[in-house]
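Visitor: Here's a structure for you.
The values are calculated or read from the model by the stated rules, or taken from the named source; none is laboratory data. All values derive from a computational prediction rather than experimental measurement. Quick reminder, even Gly has a Cβ in these numbers, built from the backbone with ideal geometry, and neighbours come from all protein chains shown. The accessibility values were calculated without ligands, DNA or RNA, using every heavy atom of the protein model including side chains. Shrake-Rupley method; radii C 1.70, N 1.55, O 1.52, S 1.80 Å.
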Amino acid sequence: MVWITYESFVLIVAASLALILMVAVLRFRQAPDALAFAGLMLSVFMWTLGYGLELASHSLQLKSFWHNLQQTGRLGSALAWLWLALMHGPKKKWLTVRYMLPASLVLVIAVVLIWTNQWHQVMLEATPNPSGSPDVAPVKKTPLFLAFCIYAYLLKILSLMLFIQAYRRFSFPHHRQYLIYIISLFLPLFISLIHGAGLNPLDPFDPSPLFLVAGGLLVALTFYRRPIVRAKLLDHLQDGIIVTDCSGMITDLNRAALQLLTQESSVTKPHTLLGQPLAEMIQKWPEWTKAYTTCQESSQHLEIRTEANRFYEIKISPIKNRQGTSIGHLTVIHDISRRKQIENTLIKQATTDYLTGIHNRRHFIGLSEHQFQIAIRYDKPISLIMIDIDYFKQINDTYGHVAGDMVLTQFVNICISFLRRADIFGRMGGEEFAITLPETPLDGAKVVAEKIRRAIEQSTFVIDGTPIRFTISAGVVTKTEQDASFSSLIRRADQLLYKAKKKRNCVRVQ
């Protein structure tokens, strides 16, 4: 038989509210801590409902059943608080099977012993209550049961310490949320300890589950203020978003930023990086580290490149409170890989010969002029080779322009095999080419030109099954005191090339 008393009515209403909060928060299950809080509310529901119906029941069997449900919820709430605290505190590495399984196993054993107590009496000793008073418990707790209760209290104290650490670590924007967690855990824990010590003015009624429900209501309100905006906006943005507090700790980020920081590693959820120092995550990009550490009052803008050859535009802006004091930073990460690809394509088209892939005339002269000025400044030698393919028009007329294009391409490949990385190779137009050799005197340039000439002379180019042989003529010059610019080298090399073409298949040197 069940008689609804004032105390049991309040507890049943509170249990209903806990159940409603659990269902409501599950709507925001995309939030990283939603499932943990739902588990807490489920435990509170069992605790409060079991306690209320235990007080209202007069049957020893019913009292035992509802008491078991109450103790299940009480012990389960300790594990749920630890789960919730680990998700927010600085000890996220504990939120693994390696650490959570032993902590859970102790409570699972306690729950199993409670529900099977009627066969072994190691947890609770039955003490029937003939008077039917709701203030008298139908069981007596054994030392083993008290040991499990102490273990549960220790888990809650540990959770409280983790929340306090998180509150002290984060100054923006989650400090209010952590304060709510601290209050929601501390008040029922304090009341429960007072009740256990016999100092509760409402004794034998224990109001601690009511405070848990009230705290749960406050925590649930925070879900209505943050998860929908974050999940629907931040996590669906293509741009990465990182929020750090004044100490440089990550307080929020979305999946786009997570992918950049972890480089597609095993980390898959943004909340796993919360509380981590951003400076440690960006050490591989010194320019980003420098910009972030120097960004105090003004914004910073930079570009970075990843190992996967992707480019990102980084904008770092200080976050200030109403008093104008900096309380953190907002970092926006925009993927500009596509833009960079287009830019590189346009640059290549503007600076590269479309057929051979080497520098076109304009770009060749620009690069060579730069090297020429360096040679003048540091008094270094620099030489120039001008090359022309002999009787190239005859090749085009005999074999066709397609064959002529293939001759040019194969000629370029042979030249490249004799050049250094620092050498500048360009097509000046038609069948005329030029090679700038930085820090190379005249004798060295002549050797390179002769190697190329002999290689061409001794090569037979097979194009569409037809063997084609040709030769080249070259003029070689080096910088002198009379040369004021690279154009002067070009003029003198052209003159020598003109003389070489009169003989063909030779190199003229001045």
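Visitor: Ordering K499, K479 from largest to smallest accessible area (1.4 angstrom probe), what's the sequence? All intermediate terms of the calculation are to be shown ahead of the outcome.
Guide: Working: K499 115, K479 45 Å².
Listed by decreasing accessible area, they come as K499, K479.
Visitor: Only loop residues by DSSP count here, and only those with at most 14 other Cβ atoms within 10 Å; note down the trypsin sites (Lys or Arg not before Pro) in segment 371-463 that meet that.
Guide: Sparse-neighbourhood loop trypsin sites (Lys or Arg not before Pro): R420, R421.
Visitor: So, one more: Using only Cα atoms, what is the ratio of the radius of gyration of the chain to 2.2 N^0.38 Å? Can you show the working numbers first?
Guide: Values: Rg = 40.1 Å, N = 510, 2.2 N^0.38 = 23.5 Å.
Working it through for the chain, the quotient is 1.71.
Visitor: Now a separate question. Which residues' amide hydrogens lie under 5 Å from the amide hydrogen of I463, considering only partners 5 or more residues apart or on another chain, with H built in the peptide plane?
Guide: Distant-sequence amide H within range of I463: I468.
Visitor: Heavy-atom accessible area of L273 with all protein chains present, probe 1.4 Å, nearest 10 Å²?
Guide: Number for this one is 10 Å².
Visitor: Among the listed pairs K348/K393; K446/K503; K290/K348; K348/K501, which have their C-alpha atoms separated by more than 21 angstrom in this model? Don't jump to the answer; show the numbers that get you there.
Guide: On the way: K348/K393 28 Å; K446/K503 17 Å; K290/K348 31 Å; K348/K501 32 Å.
From the list (K348/K393; K446/K503; K290/K348; K348/K501), the Cα-Cα distance tops 21 Å for K348/K393; K290/K348; K348/K501.
Visitor: Among all stretches of the chain without exposed chymotrypsin sites (Phe, Trp or Tyr not before Pro) (DSSP loop, at most 16 other Cβ atoms within 10 Å), which one is longest? Let's see the in-between values first.
Guide: Details: sites that count: W3, Y354, Y378, Y391, F418.
Here the longest segment lacking exposed loop sites spans 4-353.
Visitor: Relative contact order for the chain: what percent, with Cα pairs under 8 Å and sequence separation of 6 or more? Can you show the working numbers first?
Guide: Details: 806 pairs, mean separation 45.6, N = 510.
It rounds to 9 percent for the chain.
Visitor: For segment 467-476, take each phi angle, set θ = phi - 60°, evaluate the Karplus expression 6.51 cos²θ - 1.76 cosθ + 1.60, and give the result in whole Hz per residue in order, putting x for glycine and proline.
Guide: Each residue of segment 467-476 in turn: x, 10, 10, 8, 10, 10, 10, 9, x, 10 Hz.
Visitor: Where the Cα atoms of segment 345-470 are projected onto their three principal axes, how long is each span, largest first, in whole Å?
Guide: Between the extreme Cα coordinates on each principal axis of segment 345-470 lie 51, 37, 21 Å.
Visitor: At most 11 other Cβ atoms within 10 Å and a DSSP loop assignment: could you name the GluC sites (Glu not before Pro) in segment 303-369 that fit? Don't skip to the end; give the middle numbers.
Guide: Numbers: sites: E303, E307, E313, E343, E369; in loops: E307.
Sites meeting the loop and neighbour criteria: E307.
Visitor: While we're on this one: Non-local amide H neighbours of T471 (under 5 Å, H modeled in plane, Pro and chain starts lacking H): which ones?
Guide: Here the answer is D390, since their amide H atoms fall under 5 Å of that of T471.
Visitor: How far apart, in nanometres, would the label points at T345 and E307 be if each is projected 7 angstrom from Cα along the Cα-to-Cβ direction?
Guide: Label-label distance for T345 and E307, simple model: 2.9 nm.
Visitor: ³J(HN,Hα) across segment 409-423 via Karplus (A = 6.51, B = -1.76, C = 1.60, θ = phi - 60°), whole Hz, x for Gly/Pro?
Guide: Along segment 409-423, the couplings run 5, 5, 4, 4, 4, 5, 4, 4, 5, 9, 9, 8, 5, 7, 6 Hz.
Visitor: Within the set of other residues whose C-beta is less than 14 Å from the C-beta of Q373, count the net charge using Lys and Arg as +1 and Asp and Glu as -1. Before the final figure, lay out the partial values.
Guide: Values: positive: R377, K380, K479; negative: E369, D379, E439, D483.
Counting the neighbours of Q373, the net charge comes to -1.
Visitor: How much accessible area per residue does the chain have, in Å², with a 1.4 Å probe?
Guide: Numbers: 26280 Å² over 510 residues.
With the other protein chains kept in place, the chain gives 52 Å² per residue.
Visitor: Which ³J(HN,Hα) values, rounded to whole Hz and listed in residue order, are derived for segment 103-113 from phi using the Karplus coefficients 6.51, -1.76 and 1.60 in 6.51 cos²θ - 1.76 cosθ + 1.60 with θ = phi - 60°, glycine and proline given as x?
Guide: Running phi through 6.51 cos²θ - 1.76 cosθ + 1.60 with θ = phi - 60° gives 5, 6, 4, 4, 6, 4, 4, 4, 5, 4, 5 Hz.
Visitor: Ok, one more. On the protein heavy atoms, probe 1.4 angstrom, tell me the percent of accessible surface of segment 310-466 carried by carbon and sulfur.
Guide: Working: 4380 of 8590 Å².
Taking all protein chains in place, segment 310-466 shows 51 percent carbon and sulfur surface.
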